[in-house]
Amino acid sequence: MFSSLSISRKMASHIVGYPRMGPKRELKFALESFWDGKSSADDLQKVATDLRCSIWKQMADAGIKYIPSNTFSYYDQVLDTTAMLGAVPERYNYTGAEIGFDIYFSMARGNASVPAMEMTKWFDTNYHFIVPELGPNTKFTYSSHKAVSEYKEAKALGIETVPVLIGPVTYLLLSKPAKGVEKSFSPLSLLGNILPIYKEVTAELKAAGASWIQFDEPTLVMDLESHQLEAFTKAYTELESSLSGLNVLIETYFADVPAEAYKTITSLKGISGVGLDLIRGTKTLDLVKSAGFPAGKYLFAGVVDGRNIWANDLASSLSTLQALEAIVGKDKLVVSTSCSLMHTAVDLVNETKLDSEIKSWLAFAAQKVVEVNALAKALAGQKDEAFFSANAAAQSSRKSSPRVTNEEVQKAAAALKGSDHRRVTNVSARLDAQQKKLNLPILPTTTIGSFPQTMDLRRVRREYKANKISEEEYVKAIKEEISKVVKLQEELDIDVLVHGEPERNDMVEYFGEQLSGFAFTVNGWVQSYGSRCVKPPIIYGDVSRPKAMTVFWSKMAQSMTARPMKGMLTGPVTILNWSFVRNDQPRFETCYQIALAIKKEVEDLEAAGIQVIQIDEAALREGLPLRKSEQAFYLDWAVHSFRITNCGVQDTTQIHTHMCYSNFNDIIHSIIGMDADVITIENSRSDEKLLSVFREGVKYGAGIGPGVYDIHSPRIPSTEEIADRINKMLAVLETNILWVNPDCGLKTRKYGEVKPALTNMVSAAKLLRTQL
Ligand code: GLN
Ligand code: ZN
């Protein structure tokens, strides 16, 4: 619709990066089929080429001036950089030639004989990258010409692009010492070794005709030490001569650039432009106003949110842009996205089932590209009035829509202020009261919630959703499954049972579908890692709970056994952190609303006779802000939200929570502040880390169940091995607070693995009980 209008003159518009998966996850399916040996490398390459081509064309048609290339990836952009640098860990037997699929996917996923490289979260997003493993002996050679070939590929299509590289300093700051290398080794010390490769790449890009190059340096938004900050000056000073003749953009995202770092990058000599995130960087506009911006340089203003799905408030962005223009000058401001669009969904066009009013409030990557261009044109005096007024109408419909606002919820959330929402009795007294009722042995055994999700189960849920089977048939099938799981646990002699979660597809979706204020997409996928994508729900309005969500199943399960049956809920912080959250009120307000809805569920479960209720907060840590100065505030409202859900229960009702990570050292006091009666945590892959917290003397009085075996692996742990683990924990924790459980839910495992593993877990607990 805009292509014919915009060809004449390209306004100053820029996209930081674009999703690679394709509008219908084409790349995912191509990758998985290739990995399964069902299609050839050529087939995979063909899908990838088509995707790149259509993405470039789409941006060109929209009128974007600075179109990124090399933001496509077969797996991960950090791994692509590792390939470019030839920094392949020794175990992959790399011989030094151009890196092909073989070595590349072995690093990403491991192969029959060698494990994969480690994966970790990309800043505070839900994307995971492959962590480079470096040491003093790592040899760097230019081993993947991907950046150059993608640039040329676009050029052959008649599209001029800005090649994007992960900057050298960010690359090193995200790296870790390779196996066998001293833990104290600093990868940043390799800066001088990798710069020659960057020089080779940039020289080649220059020779191919590139006029701009983008270095992503998002670590600039972190709390850096002065020597880390100096590394930026060192790196770009050293690259200066080889970059001459190229315009260089240093791109930052995910938060404000701290004042010191801002000074550093804006005063770099060989640099033509700096990209800033004005969405997460809420203080960036003020910083530019007060600190100024160097004359002659371009400011790439990230005003279109790359991490959410909301349509931009164009009028408000335009006024931000005008304020910036007054500082940097008319031809030096470029309209951009706040970060790569890979963190948002791909194309709204494919959402045929979304309500049309809600749809009018949204913009996925493809729509954001159009927004960026519309803003750039408006800034240049060619405002598309129709587009702007349609946008203004959508904005105001969103503000005034009755489906967004629920007075009652607003009031209830406002009424929370001023109270801390703590249970009146302290945790040790509560545990005593609970023990009188539950009468559990020492080292009680339990599991985290889900049991294996068989094909049959998935089919039953799918058919019920598609109205292919009746509610009656569905309930019957799920009931049979629950009864099977209950029987199995009784046979295994587990102390506190679960119903197995057979009715749930996903721990957030299940609740989102039953709460008001949530919407679901059909194709709103976002890459999580490799070929894995998630489809976060959209929280668009005030959240409430029209009716009980889990009571029916929990009550049914409890009626099947005399042992305590855990009620199983997902906590407010996890629901929040795994959703696209509304941007018209602070995140904590939305979180409090979810907390109130979960609180009602907790109360209903308690009233239905459920004595143990687990409220999973698997993703509490994921929401932790990047900057230390903002972390205390987040932890405060996150922990508070959790307490809201259960502060009203009786002393005898036992509240459990569960978390999927064990790097607790920095947030242990917040965890204690949650005031749960029992916490189960992932632990088995990092015994030492968790135990060191307690070894250092942190006082912990609540129940705690550090996972005794890794559920991510099909391996079956022996009784001795589990007993050994428990003994290690007993050395630092009081006997009477320790629980015995696996690391996480069992839904991805097979019964053939779960039965023997749990058998051994229970025997280990029993063995130790006789020795204590
Ligand atoms: N109760 C959930 C399960 O067992 C917890 C999942 C999780 O922690 N990610 O599946
Ligand atoms: Zn977990």
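Would any residue of the stretch 507-531 have its amide N under 15 Å from a label point 7 Å out along Cα→Cβ of Phe101? List them or say none.
Label zone hits: 531.
If we count other beta carbons within 10 Å of each Cβ, what is the order of Val370, Val475, fewest first?
Val475, Val370
Mind checking the alpha-carbon convex hull of the stretch 104-146 and giving the volume per residue in Å³?
Looking at the stretch 104-146, the number lands at 121 Å³ per residue.
State, to one decimal in nm, how far the label point of Thr405 lies from the label point of Val181, with both points 7 Å from Cα in the Cβ direction.
That separation, rounded to one decimal, is 5.7 nm.
Apply 1/(1 + (r/R0)^6) to the Cβ-Cβ distance of Val131 and Glu240, taking R0 = 25 Å, and write down the FRET efficiency to the nearest 0.05.
Approximately 0.30, to the nearest 0.05.
I'd like the FRET efficiency for Thr735 and Ser396, computed as 1/(1 + (r/R0)^6) with the beta carbon distance as r and R0 of 56 Å, rounded to 0.05.
Working from the Cβ atoms, E equals 0.35.
Of the DSSP beta bridges with both residues in the chain, give the percent that are antiparallel, rounding to the nearest 5.
Among the beta bridges of the chain, antiparallel pairing accounts for roughly 15 percent.
Using the basic label-point model (7 angstrom from Cα toward the beta carbon), what is the His227 to Ser516 distance in nanometres?
Between His227 and Ser516, the label points sit 5.8 nm apart.
If you take the Cα atoms of the chain, find Rg, then find the Kirkwood Rh from the mean of 1/r over all pairs, what is Rg/Rh?
Taking Rg over the Kirkwood Rh, I get 0.97.
Taking only DSSP H segments of four or more residues, each worth -39500 (n - 2.57), what value at 222 nm results for the chain once the sum is divided by all its residues, to the nearest 500 deg cm²/dmol?
The helix contribution divided over the chain gives -13500 deg cm²/dmol.
Tell me, what is the FRET efficiency for Ile442 and Ser40 to the nearest 0.05, using R0 = 56 angstrom and their Cβ-Cβ distance as r?
E(calc), rounded to 0.05, equals 0.45.
Give the long-range amide H neighbours of Phe300: residues separated by 5 or more places, or on another chain, with amide H under 5 Å away, using H modelled in the peptide plane at 1.01 Å from N.
HN-HN under 5 Å from Phe300: Val274, Gly275, Leu276, Val334.
Around Val612, which amide H atoms from residues at least 5 apart in sequence, or from another chain, sit under 5 Å from its own amide H, with H modelled in the peptide plane?
Answer set, sorted by chain and number: Met565, Gly567, Gln654.
Pull out the extension gain between Lys139 and Thr652, defined as 0.36 nm times the separation in residues minus the alpha carbon to alpha carbon distance; nm, one decimal.
178.6 nm
At 18 Å minimum axial length over the Cα atoms and a Kyte-Doolittle cut of -0.5, report the qualifying DSSP H helices in the chain, or say none.
Helices meeting the span and hydropathy rule in the chain are 41-62, 191-208, 226-243, 314-328, 365-379, 385-400, 587-607, 628-646, 751-771.
Work out, step by step, the length gained on full extension between Arg715 and Ser267: first 0.36 nm times the residue separation, then minus their alpha carbon distance; give nm to one decimal.
Fully extending the segment from Arg715 to Ser267 adds 155.9 nm.
If I take every Cα pair under 8 Å that is 6 or more residues apart in the chain, average their sequence separation and divide by the length, what percent do I get for the relative contact order?
That works out to 11 percent.
For a protection proxy built on the mean count of beta-carbon atoms within 10 angstrom, sort 83-91, 404-412 highest first, please.
Per-residue mean Cβ counts within 10 Å order the peptides as 83-91, 404-412.
Mind listing the long-range amide H neighbours of Thr657? Cut-off is under 5 Å, sequence gap 5 or more, other chains count too, H placed in the peptide plane at 1.01 Å from N.
Ile615, Val678, Ile679, Thr680
Where does each of 227-239, 210-222 land if you order them by average Cβ count within 10 Å, highest first?
210-222, 227-239
Sort the following peptides by mean Cβ neighbour count (other Cβ atoms within 10 Å, averaged over residues), highest first: 304-315, 182-193.
Descending packing order for the listed peptides: 304-315, 182-193.
What nm value, rounded to one decimal, do you get for the distance between Glu357 and Arg458 when each label is placed 7 Å out toward the C-beta?
A separation of 3.7 nm, rounded to one decimal place.
Where a number appears in this text, it was derived from the coordinates with a stated rule and is not lab data. What you are looking at is a predicted structure, and each value in this text was computed from that prediction instead of being measured. All Cβ positions, even for glycine, are placed from backbone atoms using ideal geometry, and neighbour counts span all protein chains on display.
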